């Protein structure tokens, strides 16, 4: 294993993956009144973690959190890939970022949606998604496939 093969981008992505995994255990949503229901969480004036609030999406976010560790393992072992390293991790981070933004800003889970607010865990997940994306994009641009001019097969 060649630990010198890892650069700053991988370390940023790994820290982002760890933060994303931890953020799922933090409070993502605040519940307003006594009629607020979000998964197994009930109001009034309580909070709900990302793991309890997001039933199927929590596994998608967990896979996105593991992706930088897999990228680091591939780089450490020196495996040859048919695509630029970091590209698949960047795709997973982009999906996680989209899901996080959607679940926090556009369509919050639970009912009534007007009584559900975002909490610290959601902001940590948002920052972690950006960290994973930026770190993996840095690696994918390094080992890019040389481009051919138009018309050349």
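The values are calculated or read from the model by the stated rules, or taken from the named source; none is laboratory data. What you see is a predicted model, and the numbers here were worked out from it, not measured in a lab. Ideal geometry is used to build each Cβ from the backbone, glycine not excepted, and the neighbour counts take in all protein chains shown.
Of 138, 147, all but one fail to be modelled with pLDDT under 80 and surrounded by 15 or more Cβ atoms within 10 Å (Cβ to Cβ); the exception is 138.
Quick check on this structure: which one of 64, 72 is at pLDDT 90 or above and under 30 Å from residue 27 (Cβ atoms)?
Residue meeting the stated conditions: 64.
Selection of the range 41-69 for residues being surrounded by 17 or more Cβ atoms within 10 Å (Cβ to Cβ), out of contact with any helix residue (DSSP H, G or I) (no Cβ under 6 Å at 6 or more places or on another chain) and outside any helix (DSSP H, G or I) yields 43, 47, 48, 49, 54.
Residue 28 meets each of the listed conditions (1) farther than 24 Å from residue 131 by Cβ; (2) touching a helix residue (DSSP H, G or I) at 6+ places or on another chain (Cβ under 6 Å); (3) touching a residue at least 60 places away in the same chain (Cβ under 8 Å) apart from (1).
Considering only the range 70-80, how many residues are in contact (Cβ under 8 Å) with a residue 40 or more places away in the chain and either crowded, with 19+ Cβ neighbours inside 10 Å or touching a helix residue (DSSP H, G or I) at 6+ places or on another chain (Cβ under 8 Å) (or both)? Residues flagged as in contact (Cβ under 8 Å) with a residue 40 or more places away in the chain and either crowded, with 19+ Cβ neighbours inside 10 Å or touching a helix residue (DSSP H, G or I) at 6+ places or on another chain (Cβ under 8 Å) (or both) within the range 70-80 amount to 5. Considering the conditions (1) at pLDDT 90 or above; (2) within 20 Å of residue 106 (Cα to Cα); (3) surrounded by fewer than 19 Cβ atoms within 10 Å (Cβ to Cβ), residue 28 is excluded by exactly one of them, (3). So for the range 113-125 (the condition being touching a strand residue (DSSP E or B) at 6+ places or on another chain (Cβ under 9 Å), farther than 30 Å from residue 7 by Cα and in a helix (DSSP H, G or I)), does at least one residue qualify? Yes - at least one qualifying residue is present in the range 113-125.
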